[in-house]
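Data first, discussion second: the structure below is written as structure tokens.
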Amino acid sequence: MRALPFVGGGDLGALHPTLVEIVQKLFRVPDVRLAAATPYTDIPGWDSLSQINVIFEVEKSFAVRFDDDELEELRASATFGELQALLRMKLSQGEARSA
């Protein structure tokens, strides 16, 4: 299992607020506690089932579907930044395919 690098900036910079909103909605945590380096374990109530719920909400909010390999990477991820990086890569791939 490999860790995903955090990818910041770029045209997809609007992702972070939406991810924060998803986490706030599911866990009722203030956004000041969430940063790219925030480990999932720092979010009260985070467990493997809640991680799946976050993935479902991300898929719904961004109209993406993660394949099995991507889901494995998401399950292996440990921080909010890793989740955001994989989502950015996924959205970039979708833009490239539709161009």
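On the stretch given as the range 48-74, residues that are closer than 17 Å to Ile22 by Cα and assigned to a helix (DSSP H, G or I) total 16. Every test in (1) at pLDDT 85 or above; (2) surrounded by 12 or more Cβ atoms within 10 Å (Cβ to Cβ) is passed by Asp31 save one, and that test is (1).
The values are calculated or read from the model by the stated rules, or taken from the named source; none is laboratory data. Remember, it's a predicted structure, so these values are computed and weren't measured experimentally. Cβ sites come from the backbone with ideal geometry, for glycine too, and all protein chains shown count toward neighbours.
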